[in-house]
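Here's the structure we're looking at; comments come further down.
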Amino acid sequence: MGIGDDIKQIASWFELHAPPLHQRLEAGAPPDVATSLAAELGVEIPEDFAEYLLACNGTLAFFEYSGLTPIEIARVRNQWEEARKRGAFDQAEPPDDDRGIFAETHWHSAWIPFAEDGGGNLFLIDLAPGTGGKVGQVLRWEIGGGPCCWGVRSFGQYLERYRELLLAGGYTFDADSHTFDGWNDDERP
């Protein structure tokens, strides 16, 4: 199964169980989206993530995290990169990572945010991992603590795991609060 199939199945789940999230889904991005985003960010876009952008323009929700379009990706990444350059994280404690999965920094210019929650926390693709990590792995990033919660080795694997969790049942979507019931941080991809 590929990225496009995962997105189709997630979209079908949204249509039945989370109509507001289904309504937010867009058709794919222009064919040059990955090239344009790579030029804007100064990093290479992983193939699986480029395929995702082409399929839905980044508008897929990941539980309570809203997917970011390429324009939003650049805006959010540049916002945090500018904060890093101004020294906003100079006094921050190094993130807790005894396995060396991610870089020991609060923010890195080679991180690509792809989803954001209402508080500004992110899911991101890590293109500059620590010695125990893998280029392209997915991390969760928190404003106050930096990177944490290493989960999967690629965006494609992350998307597949998300699809599996939704289709396995046990999740309900509350349209009033736009939250999911039945999930927890230990299960999240």
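The values are calculated or read from the model by the stated rules, or taken from the named source; none is laboratory data. Note that the structure is predicted; figures quoted are calculated from it, not measured. Because the Cβ atoms are built from the backbone with ideal geometry, glycine has one as well, and the counts that use them run over all protein chains shown. Heavy atoms of the whole protein, side chains included, go into the accessibility calculation; ligands, DNA and RNA do not. Shrake-Rupley method; radii C 1.70, N 1.55, O 1.52, S 1.80 Å.
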Next on the checklist: If I take every Cα pair under 8 Å that is 6 or more residues apart in the chain, average their sequence separation and divide by the length, what percent do I get for the relative contact order?
Outcome noted: 19
Checklist entry - How large is ³J(HN,Hα), in whole Hz, for each residue of segment 135-148 in order, when computed from phi with the Karplus curve 6.51 cos²θ - 1.76 cosθ + 1.60 and θ = phi - 60°, using x for Gly and Pro? => result 4, x, 5, 9, 10, 9, 10, 10, 3, x, x, x, x, 7
Next on the checklist: With unit charges on the beta carbons (Lys and Arg positive, Asp and Glu negative) and the dipole taken about the Cα centre of segment 1-91, which residue among P31, I10, S66 sits farthest to the positive side?
Outcome noted: S66
Item to check | Relative counts (whole %) of C-alpha pair distances in segment 44-189, using bins that are 5 Å wide | outcome: 2, 9, 19, 23, 21, 15, 8, 3, 0, 0
Checklist outcome for this item: Long-range amide H partners of Q137, meaning residues 5 or more apart or on another chain whose placed amide H is closer than 5 Å, are D126
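So which trypsin sites (Lys or Arg not before Pro) in segment 60-92 pass both tests, a DSSP loop state and at most 15 other Cβ atoms within 10 Å of the Cβ? Could you put the intermediate results ahead of the total?
Working: sites: R75, R77, R84, K85, R86; in loops: R86.
Sites meeting the loop and neighbour criteria: R86.
Express the carbon and sulfur contribution to the solvent-accessible surface of the chain as a percent, rounded to the nearest whole number, probe 1.4 angstrom.
Working: 4230 of 9050 Å².
Carbon-and-sulfur percentage of accessible area, whole number: 47.
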Checklist outcome for this item: Applying a 4.7 angstrom Cβ cut-off across the chain, unpaired cysteine residues come out as C56
Checklist entry - In terms of modelled amide H atoms, which long-range or inter-chain residues lie less than 5 Å from the amide H of A115? => result L68, F123
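Note down the relative contact order for segment 71-116 as a percent, whole number, built from C-alpha pairs under 8 angstrom at least six residues apart. Provide the component values of the computation, followed by the final result.
Details: 26 pairs, mean separation 21.9, N = 46.
About 48 percent, as a whole number.
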Checklist outcome for this item: chymotrypsin sites (Phe, Trp or Tyr not before Pro) in segment 59-106 lying in a DSSP loop, each with at most 15 other Cβ atoms within 10 Å of its Cβ, come to F89
Next on the checklist: What would the Debye equation give as log₁₀ I(q)/I(0) for segment 1-125 at q = 0.11 Å⁻¹, counting only Cα atoms as equal point scatterers?
Outcome noted: -0.43
Checklist outcome for this item: In segment 60-143, the GluC sites (Glu not before Pro) that sit in a DSSP loop and have at most 10 other Cβ atoms within 10 Å of their own Cβ are none
Checklist entry - Any idea of the accessible area per residue across segment 1-127, 1.4 Å probe, to the nearest Å²? => result 48
